[in-house]
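Structure record follows, encoded as structure tokens.
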Ligand SMILES: Cc1ncc(C[n+]2csc(CCOP(=O)(O)OP(=O)(O)O)c2C)c(N)n1
Ligand SMILES: [Mg+2]
């Protein structure tokens with residue numbers, strides 16, 4: 001027998017759990033500590049926002065909310081590596097990436113607060129909305145990449161899917177298409193170890209999720225998803241490659257879901273506290289903060305001032321959300337078609353009539 | 001006898017049948033240790049182990065396709081779609097295979113599976129978690145489509161669905177999962193899968209509905225009674241195959257019919273009921289048939305969803321229109 005094909009999956013990490021550099025080939029962007037500080041500030045802003053959103057849900061002011069606690073490095077790296085013209089196809093908890101792309105916190109709250117206008121966000125108008133049907137966004141991103149290829153535009157499509165979502169047919173179909181057509185498509189698997197109550201080990205027999213890309217003919221990389229520097233380096237590399245016509249890539253960001261799946265979930269039912277506790281030791285903010293402090297680029301004082309600033313910004317956003325009036329009842333007809341068909345106009349009139357009668 | 005909610009009755013039925021019949025297995029996302037996101041399979045994993053209560057990878061194609069394969073080879077899978085909005089990847093396997101094995105192979109292979117689908121709106125859920133998509137399946141030959149509306153009917157109908165030799169899509173109105181408790185004996189008694197249930201006798205107008213709207217229909221009947229109008233309430237329960245006789249008998253008596261459903265209006269299952277009335281009950285009717293339904297829009301996110309769902313008020317108004325017409 002001879003070997004028909006073989007592969008290896010590399011793992012990328014710059015900062016260990018304590019924030020010590022484990023490699024000496026620090027990429028250009030990371031040598032500029034001011035830039036790292038900005039990224040750190042975004043990450044910690046996301047965390048303040050996230051805590052507030054959970055609190056809003058607990059007090060009945062928000063619907064079910066999917067927390068991003070623990071995913072901040074992966075998300076902010078994705079958002080900051082992308083060009084504004086690139087297309088982002090998120091799942092439902094990538095607020096860090098979306099804030100960088102201009103989505104407002106109040107819009108996230110509107111979405112989980114039961115108002116469609118959250119999906120009409122201030123981020124790039126070509127970005128896809130939040131995507132609840134798992135992994136379907138992967139194919140939409142591949143489709144966007146196909147459009148870029150046909151029109152010869154130097155743009156890249158990036159999707160995020162979970163460890164659970166990487167079991168879904170749509171995920172495989174998307175990377176397969178990207179491989180078949182050499183598409184400018186980066187598929188990021190944010191492996192947070194859990195798909196609601198189902199552990200990573202129950203999703204697949206594959207040793208890494210990154211290697212799924214091998215079968216599709218894509219380049220693959222596993223990254224410490226709690227390490228902002230590694231994640232950003234990987235994303236920069238993948239996006240640059242894709243933009244220059246070298247095809248797609250699968251990046252597995254290894255991280256941990258420190259929160260419940262959503263506020264409707266109680267993770268204590270299915271996962272041991274000890275596991276969560278040990279995951280906190282590897283969380284993304286602490287290590288980057290330690291690194292920046294060691295570089296004399298950040299201090300407790302900075303931390304305190306910035307936290308207070310974040311609280312203020314988030315309060316403004318929360319108030320804007322809370323003050324948003326419910327859409328008028330006829331809004332449900334507004335965007336079903338480009339123009340409301342006559343058949344629907346009658347139903348709309350009925351709804352309005354009913355609403356009038358209720359008011360009197 | 002135990003006092004149970006609708007969802008507890010479902011758990012009871014599954015546990016009963018799994019204990020009795022080793023070929024019955026449960027599969028889906030989070031159905032094992034977690035007991036299902038709605039807790040419908042709670043305790044089953046402890047009782048029957050992880051192979052008979054299988055946490056699948058996160059892929060609906062897997063769940064439906066595996067269920068079809070198992071069912072064709074002598075198992076009785078109860079597959080769970082976590083929410084109504086996530087059945088669409090399953091449709092290929094259900095429509096092209098589950099519904100057709102019997103007919104394609106002239107009876108050689110069959111597909112006795114149950115697909116449980118938590119169904120409908122009104123629980124302040126996120127996007128794609130509130131769909132009333134029963135019509136996606138009622139147009140498919142070879143399927144049975146069932147939707148209980150009380151704990152006891154949930155128990156009896158699910159038992160019947162598991163025992164049925166053909167594929168059954170079993171919709172569960174999640175809005176009334178825990179609405180009230182009822183005494184349900186765990187006696188293994190199934191209910192028939194081809195009858196409508198008359199829940200309340202009346203003589204002036206027939207209210208025909210299913211699933212969560214049974215609640216509103218009964219409340220509307222109460223409200224109408226205060227105005228001296230006697231409404232009969234029918235829970236269709238099994239949409240396909242339809243027991244039209246029960247509906248027809250009622251309309252012969254009342255001459256009026258209001259069909260209530262949560263799904264969008266156009267080509268909703270109410271259209272089938274109305275068409276049958278047009279075909280068979282034209283001369284029994286003294287007023288045009290009314291439909292109170294969801295609109296032909298997507299169900300809005302939760303800030304507006306209650307304005308979309310049929311309300312007691314809309315049902316009462318429709319019933320009164322049928323009385324005003326004659
Ligand atoms: C097609 C589909 N099936 C089921 C669900 C319900 N659901 C929502 S999130 C989730 C788990 C997702 O896990 P993973 O892909 O690992 O992403 P994570 O939430 O952990 O970030 C499930 C099963 C869904 N939204 N869509
Ligand atoms: Mg996950």
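A few remarks follow.
- Base-10 log of normalised Debye intensity for the protein assembly as shown (one unit scatterer per alpha-carbon) at q = 0.05, 0.08, 0.09, 0.11 Å⁻¹: -0.27, -0.67, -0.84, -1.17
- Cα-based helix-to-principal-axis angle, A:169-181 vs chain A, degrees rounded to 10: 60
- From its DSSP helices (H runs of at least four residues, each -39,500 (n - 2.57)), chain A gives a residue-normalised ellipticity at 222 nm of -14500 deg cm²/dmol.
- Length-normalised contact order of chain B in % [C-alpha pairs under 8 Å, at least 6 apart]: 17
- Extension gain, residue B:219-residue B:271: 0.36 nm per intervening residue step, less the Cα-Cα distance, totals 16.4 nm.
- Rounded to 5, the percent of DSSP beta bridges in the protein assembly as shown classed as antiparallel: 15
- The modelled label-to-label distance between residue A:122 and residue A:201, using points 7 Å beyond Cα along the C-beta direction, is 4.6 nm.
- Full extension of the chain between residue B:226 and residue B:73 gives 49.5 nm of extra length, using 0.36 nm per residue less the Cα-Cα distance.
- Whether segment A:1-137 is rounded, prolate or oblate, judged on the alpha carbon gyration tensor where a/c under 1.5 counts as rounded: prolate
- Theoretical FRET efficiency, 1/(1+(r/R0)^6), r = Cβ-Cβ of residue A:1 and residue A:269, R0 51 Å, to 0.05: 0.60
- Label sites at residue B:104 and residue A:340, each approximated as a point 7 angstrom past Cα along Cα to Cβ, lie 4.5 nm apart.
- In this structure, residue B:198 and residue A:350 have a Cβ-Cβ separation that, at R0 = 22 Å, corresponds to a calculated FRET efficiency of about 0.15.
- Tensor-based shape of segment B:221-326 (alpha-carbon gyration tensor, a/c under 1.5 rounded, otherwise prolate or oblate): oblate
- Inter-centroid distance (Cα atoms) of segment A:294-349 relative to segment A:1-59, Å: 27
- A Gaussian network model of chain B, with springs between Cα atoms under 10 Å, assigns the largest mean-square fluctuation among B:85, B:270, B:211 to B:85.
- With contacts taken as Cα pairs under 8 Å at a separation of at least 6 residues, segment B:162-238 carries a relative contact order of 37 percent.
- Rounded to the nearest 10 degrees, the inclination of helix A:300-322 to the longest alpha-carbon principal axis of chain A is 30 degrees.
- Using alpha-carbon coordinates, inclination of helix A:228-243 to the longest axis of chain A, degrees: 80
- Using the Cβ-Cβ distance between residue A:38 and residue A:359 with R0 = 45 Å, the FRET efficiency computed as 1/(1 + (r/R0)^6) comes to roughly 0.35.
- Rounded to the nearest 500, the 222 nm mean residue ellipticity of chain B from helices alone is -10500 deg cm²/dmol, with -39,500 (n - 2.57) taken per DSSP H run of at least 4 residues.
- Considering only beta bridges that DSSP places wholly inside chain A, some 10 percent are antiparallel.
- The stretch between residue B:20 and residue B:88, if pulled fully straight at 0.36 nm per residue, gains 21.3 nm over its current Cα-Cα span.
- The GNM of chain A, with springs linking C-alpha atoms under 10 angstrom apart, assigns the highest mean-square fluctuation among A:293, A:326, A:254 to A:326.
- Spin-label model, residue A:22/residue B:306: points 7 Å from Cα along the beta carbon direction are separated by 5.3 nm.
- Across segment B:278-326, the relative contact order, built from alpha-carbon pairs under 8 Å that are at least six residues apart, equals 51 percent.
- Isotropic mean projected area of the C-alpha convex hull, chain A (nm²): 22.4
- Taking chain B as a Gaussian network of alpha-carbon nodes connected by springs under 10 Å, the highest mean-square fluctuation of the residues B:177, B:308, B:283 belongs to B:283.
The numbers here are math on the coordinates, done by the rules we state, and not lab data. Note that the structure is predicted; figures quoted are calculated from it, not measured. Glycine gets a Cβ as well: all are built from the backbone with ideal geometry, and neighbour counts include every protein chain shown.
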